[in-house]
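Trainee: Sharing a structure with you now.
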Protein chains: 2
Amino acid sequence: VKLSFITLLFCILFLTGTIKSQQLTEIDTNYLNYSNKITKTALADTFGYSLLRKLCSFGGRLAGSDHLVKAEDFMINEICKMGFDSVFTQTFSTVNWKRGEIGKFEVRGTKFDTEQQGSSKSEGGWTLGVDGWEKISEGTPATGNGQPATGFSIAAIGGSIGTNGVLKGEVIEISNLSELDSRKDEIKGKIVFFNFPFEQGVYNSFESYGPAVNYRVNGAWRAAQYGAKAILIRSVASNFDDVPHTGTLRYVDTIPKIPAAALGVQSAVNLSKLLEMQANSKLGIDKLEFQLELDCRTEGFTNVRNIIAEIKGSEKKNEIIVIGGHFDSWDVGEGAHDDGAGCVQSIEVLYLMKKLGIKPKRTVRAVLFANEENGLAGGRGYGSTSIGEGNIHYAAIESDRGGFVPRGFDVDSTPEIIVRMQGWLPYFEKTGIDWIKKGGSGADISQIKDVKGLIGFVPDSQRYFIIHHSANDVFNSVDMRELELGSAAITIMTLMISDFGF
Amino acid sequence: VKLSFITLLFCILFLTGTIKSQQLTEIDTNYLNYSNKITKTALADTFGYSLLRKLCSFGGRLAGSDHLVKAEDFMINEICKMGFDSVFTQTFSTVNWKRGEIGKFEVRGTKFDTEQQGSSKSEGGWTLGVDGWEKISEGTPATGNGQPATGFSIAAIGGSIGTNGVLKGEVIEISNLSELDSRKDEIKGKIVFFNFPFEQGVYNSFESYGPAVNYRVNGAWRAAQYGAKAILIRSVASNFDDVPHTGTLRYVDTIPKIPAAALGVQSAVNLSKLLEMQANSKLGIDKLEFQLELDCRTEGFTNVRNIIAEIKGSEKKNEIIVIGGHFDSWDVGEGAHDDGAGCVQSIEVLYLMKKLGIKPKRTVRAVLFANEENGLAGGRGYGSTSIGEGNIHYAAIESDRGGFVPRGFDVDSTPEIIVRMQGWLPYFEKTGIDWIKKGGSGADISQIKDVKGLIGFVPDSQRYFIIHHSANDVFNSVDMRELELGSAAITIMTLMISDFGF
């Protein structure tokens, strides 16, 4: 075998690179046995999957909801029964946003009476039904049956103000923020419809999430700058159903707050077609009138809890490894993948260690963070609290990308530590973990200061944006084996860090 | 950086090993661009996913069914419209097995009349309903309403003979073949119930399939050796629903053929509990009588077709690269993952090359193999046919492990060729392909002789044995992005082999 200097250099670059990295260390047979037992036990016991089933039965766990309080009580009770070294909670205050009961977006068509000369009043309304436009008698509301006449499917964006009754207006479709800026004079008094599609052609679906979610987060204040009355966005979703996806938005103090809602992808496509047909006079309707009604509102503040359980280290008690997910979720689903999965996986790490008689050298602490979705109160709060005299946070692992099949770990640490961790890959062979590389970790754990390594568990991302922040995020969308392999992978990583160290 | 000789040796071992392999070659920017375009186009156009939707609409495609003939005609027509260099079919004869209309497995309980002394006749029957055992009047069939009284869910195993009316018998539960052999004197005249569970604790679910499927394939003749009347197996499935999974069986000429059916997993668990309770006198029933009825049968032979389309190579026309899946499926689902997915991916390879203006140097041929499920007539037939004077098969790639997210390629070839192929991994970075290693290819392509490389596409296996050979294998169980990434990965592999060669 001939390895030239250049080849060696390439070799080293690859070994420390992102594609396929491998640091060569001696494999410890004891720990190889541990990791095989961990995987086998996770898949066979399905502890996390069973716990997730119960957790999801409470419904979505938004801060301020009864569901959340019941789910917190349930989880604390479950964990207390498991016999860990300590269980405790931390309480924080956060914003109490309510979706309310009303979320409607409807269109009504008006046709001017051309036969009755001299009158410019409309003769009656037309409503867009399943069979096309149907005439309705004057004065009849377009949506007498309580359903949107056009089937537009919407959900208020989290944090949005309500419409304070029915908000009527023209809709202007805008493709992106540059177009918004260049058409700023046309925006005033209108409902801005940001129809920015999810880029399909990308392997890592989180890369497509970034550009699209910008409209959900910043669309309202950007449109309000130019006098818009309200905004609608196309849901940030990778598939083509009509389930709207919610999430947070940002208002800017100096700019008026306007209502914001997300349309299901099919509804967004239909609305776009409708506007295009009307622009080309192909609807046979003289005027379209849109009505938006949302009664969402913020009702002061509410308390939320971080739920924490730990196994003390056998040798280095004061060095803490946090494993976490966030306990809250959006209200529209059951918070199964986002992030019930990460929570039950974190508890399962402790369960597996206890069940298999593994005594970690460093302290292992599962943290179920409160209120990641609309405030990050739990993550910020945990990050800013004292953790006891002489204690340090040695490492933290977050699982908040769904309960899908494991692919790798993203590590926010020094190149030396990452290379060292890549040497552990053989221990992960039977979990689906194929790589360990440099990358961001997670919203909650990144609030913790002075940690040697922040680690993001990376499951496969193909199906995440089908369920994310939507009514699709239910227990049934989680696969048992995929979830459990994630638990196994995180447990093995925790054990490696605990016992081998960086 | 210090690399000792031992480290280097380790390095080389790892580079040629199975976990994480990386051969270092210069990356050709043109081909990197090609591969990125291929992935992007697959995900954006969703050609294969759309074709699969249509293909699945015909229903299961078992040899001898009308569904199959219609689906073949549809597919040939679709391919002919696409403008490839040639499209042709090959016709073979295979066994024409029919499931029939009746598939029932029921239990009836009998209680002897203890109050009426001197009589040993049964007073009446008891049927096991949702509320436990209910008394029925004498002579009333336990299943008067046409539904199994106990809710046992079954499907005949493909190739099984029927029961020729109702087959009554005791059931003996057997855990494995050793137990069968050691209890051979208890088998005669009974229905043998092989209750062998799917081993959950294994990452690669195909490793658990092997031991479990042995009972489906060989259970009937093994039990018949000892005089069994019929067999039931626990479905070979990784989840816990009650959908029975079919598949083929093997009869041995010198041993009587007996009927064979698969129970849904829940039904198998329930049957086992029932037998255990009865053995422990916990049912309050004196005798259990089981009835099995299947009218499945073999009706001679039927014709099936291989469907073949190709793009001629621009430089080495006579060197053929086959990409294939099998066109037939079991009748109980829609053959979506198994193996509609492999078929549409194979056609999509040609579609993507044509759409992107890629002219492969070697000839690329998509083969949709007939009758893999119950005869392998298409694979055997293709393997034995002349492929034209001077033509050789250079390589073959099979996709028959479902339309799930890509993980790697198993390669049946020389170590040198495998190492060379590992050097192509960077081209696959955005498809989910993380490894290329030594391994088996697939049932159909392994019939082709004198090929330099036989390659099995390996998607993630976690959800495969939920759907495999069952009514769960429908279009809705396929994820668009997962399927399309598979198409992209296979297309890139085809292009690498075509243009770089081994």
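The values are calculated or read from the model by the stated rules, or taken from the named source; none is laboratory data. As the structure is a computational prediction, the values presented were derived from the model and not from experiment. Every residue, glycine as well, gets a Cβ built from its backbone with ideal geometry; the counts of neighbours run over all protein chains shown. For accessibility, only protein heavy atoms count, side chains too; no ligands or nucleic acids. Shrake-Rupley method; radii C 1.70, N 1.55, O 1.52, S 1.80 Å.
Trainee: For q values of 0.11, 0.13, 0.26 Å⁻¹, compute log₁₀ I(q)/I(0) with the Debye formula on a Cα-only model of segment B:421-502, without solvent.
Mentor: -0.37, -0.51, -1.38
Trainee: With only Lys, Arg, Asp and Glu charged, each at its Cβ (+1 for the first two, -1 for the last two), find how big the charge dipole of the protein assembly as shown is about the Cα centre; round to the nearest 20 debye.
Mentor: 1620
Trainee: Quick one: angle between helix B:29-45 and the longest Cα principal axis of chain B, in degrees between 0 and 90, rounded to 10, please.
Mentor: Relative to chain B, helix B:29-45 is tipped by roughly 40 degrees.
Trainee: Would you be so kind as to identify which of B:Asn77, B:Thr94, B:Phe105 lies farthest towards the positive end of the dipole of segment B:66-106, taking Lys and Arg as +1 and Asp and Glu as -1 on Cβ and the Cα centre as origin?
Mentor: B:Phe105
Trainee: Give the distance, in whole Å, between the Cα centre of segment A:323-349 and the Cα centre of segment B:348-407.
Mentor: 43
Trainee: Amide H of A:Lys438: which non-local residues (sequence gap of 5 or more, or other chain) have their own amide H closer than 5 Å, using H built in the peptide plane?
Mentor: Close amide H contacts, sequence-distant or interchain: A:Val411.
Trainee: Please state the charge dipole magnitude for chain A, taken about the Cα centre, from unit charges on C-beta atoms (+1 on K and R, -1 on D and E), reported in debye and rounded to the nearest 20.
Mentor: 940
Trainee: Could you work out what % of the accessible surface of segment B:352-487 is carbon and sulfur, using a 1.4 angstrom probe and leaving DNA, RNA and ligands out of the count?
Mentor: The computed percentage sits at 49.
Trainee: At a temperature of 4 °C and a viscosity of 1.567 mPa s, determine how fast the protein assembly as shown diffuses translationally according to Stokes-Einstein, using the Kirkwood radius over alpha-carbon pairs as Rh; express D in µm²/s, rounded to the nearest whole number.
Mentor: Estimated diffusion coefficient is 41 µm²/s.
Trainee: Please report, in debye to the nearest 20, how large the charge dipole of segment A:148-203 is about its Cα centre when each Lys and Arg carries +1 at its beta carbon and each Asp and Glu carries -1 there.
Mentor: Charge dipole of segment A:148-203: 240 debye, to the nearest 20.
Trainee: For segment A:363-402, what number results from the quotient of the Cα radius of gyration and 2.2 N^0.38 Å?
Mentor: In units of the globular-protein estimate, segment A:363-402 measures up at 1.28.
Trainee: Here's another thing I want to ask about it. Output needed: percent of Cα pairs per 10 Å distance bin for chain A, bins running from 0 to the one holding the longest distance.
Mentor: Pairs per bin, as whole percents: 4, 18, 26, 21, 15, 9, 5, 2, 0, 0.
Trainee: Okay, next question. For A:Ile174, which sequence-distant residues (separation of 5 or more, or a different chain) have an amide H within less than 5 Å of its own amide H, given hydrogens modelled in the peptide plane?
Mentor: A:Phe193, A:Phe194, A:Asn195
Trainee: Same structure again: Taking the DSSP beta bridges in chain A as the whole, what percent of them are antiparallel, to the nearest 5?
Mentor: Of all bridge pairs located within chain A, approximately 60 percent are antiparallel.
Trainee: At what distance in angstrom do the alpha carbon centres of segment A:169-236 and segment B:415-482 lie from each other?
Mentor: Using only Cα atoms to place each centre, the spacing works out to 40 Å.
Trainee: Shifting gears a bit: Against the longest alpha carbon principal axis of chain B, how many degrees, from 0 to 90 and to the nearest 10, is the axis of helix B:265-279 turned?
Mentor: With both axes taken from Cα atoms, the answer is about 30 degrees.
Trainee: Same structure, new question: Just the Cα atoms of segment A:322-408: what Rg and Dmax do they give in Å?
Mentor: 14.0, 42
Trainee: To continue, here is another question. Rg over Rh of segment A:225-272, using C-alpha atoms and the Kirkwood radius, what does it come to?
Mentor: My calculation of the ratio gives 1.04.
Trainee: Compute the label-point distances linking A:Val252 to its equivalents in the other copies; points lie 7 Å from Cα along Cα→Cβ; give nm, one decimal, shortest first.
Mentor: Result for A:Val252, in nm, nearest copy first: 8.0.
Trainee: To confirm my reading of the symmetry, which residue of chain A has the Cβ nearest the axis that brings A onto B, and what whole-Å distance does it have?
Mentor: Looking at chain A's Cβ atoms against the axis toward B, the nearest is A:Asp434, 2.
Trainee: Among the listed pairs B:Lys98/B:Lys229; A:Lys354/A:Lys452; B:Lys184/B:Lys287; B:Lys190/B:Lys257; B:Lys37/B:Lys312, give every one whose C-alpha distance is greater than 19 Å.
Mentor: The pairs that break the limit, which is 19 Å between Cα atoms, are B:Lys98/B:Lys229; A:Lys354/A:Lys452; B:Lys184/B:Lys287; B:Lys37/B:Lys312.
Trainee: Hey, what did segment B:397-447 get for relative contact order, percent, Cα under 8 Å, at least 6 apart?
Mentor: Averaging sequence separation for qualifying contacts and normalising by length gives 51 percent for segment B:397-447.
Trainee: Using Cα pairs closer than 8 Å and at least 6 residues apart in sequence, work out the relative contact order for chain B, in percent.
Mentor: Across chain B, relative contact order equals 21 percent.
Trainee: Jot down the per residue volume, in cubic angstrom and as a whole number, of the convex hull over the alpha-carbon atoms of segment B:351-502.
Mentor: Cα-based convex hull of segment B:351-502, divided per residue, equals 123 Å³.
Trainee: Taking all protein chains together and a probe of 1.4 Å, list A:Ser384, B:Ser50, B:Ser470 from the most accessible to the least accessible.
Mentor: Reading off the accessible areas and sorting them downward yields A:Ser384, B:Ser50, B:Ser470.
Trainee: Treating the angle as unsigned and between 0 and 90°, give the value, to the nearest 10°, between the Cα long axis of helix A:5-15 and the longest Cα principal axis of chain A.
Mentor: For A:5-15 against chain A, the angle is about 70 degrees.
Trainee: Under the convention of a label 7 Å out along Cα→Cβ, give the distances in nm from B:Thr385 to the same position in every other copy, shortest first.
Mentor: Once sorted, the set of distances for B:Thr385 reads 7.1 nm.
Trainee: Going toward the positive end of the dipole of segment B:201-298, with +1 on Lys and Arg Cβ and -1 on Asp and Glu Cβ, which of B:Ile255, B:Leu288, B:Leu275 do you reach last?
Mentor: Checked the options; the winner is B:Ile255.
Trainee: Could you put B:Lys184, A:Lys111 in order of accessible surface area, largest first, with the 1.4 Å probe and the full protein assembly present?
Mentor: The residues order as B:Lys184, A:Lys111, largest area first.
Trainee: Can I ask one more? Given segment B:35-85, report the % of alpha carbon pairs whose separation exceeds 18 Å.
Mentor: Counting every Cα pair in segment B:35-85, those more than 18 Å apart make up 45 percent.
Trainee: Report, for A:Asp66, each distance to the same residue's label point in the other copies, shortest first and in nm; define the point 7 Å along Cα→Cβ.
Mentor: Going from nearest to farthest copy, the values are 5.4 nm.
Trainee: For q = 0.14, 0.15, 0.20, 0.23 Å⁻¹, what log10 I(q)/I(0) does segment A:153-271 give under the Debye formula with an equal point scatterer on each alpha carbon and no solvent?
Mentor: After summing over all Cα pairs, the log10 values are -0.52, -0.60, -1.07, -1.39.
Trainee: Still on this structure, I have one more. Work from the charge dipole of chain A (Cβ charges, +1 for Lys and Arg, -1 for Asp and Glu, about the Cα centre) and give the residue of A:Pro211, A:Leu483, A:Phe500 farthest towards its positive end.
Mentor: A:Phe500
Trainee: Of all DSSP beta bridges in the protein assembly as shown, what percent run antiparallel (nearest 5)?
Mentor: 60
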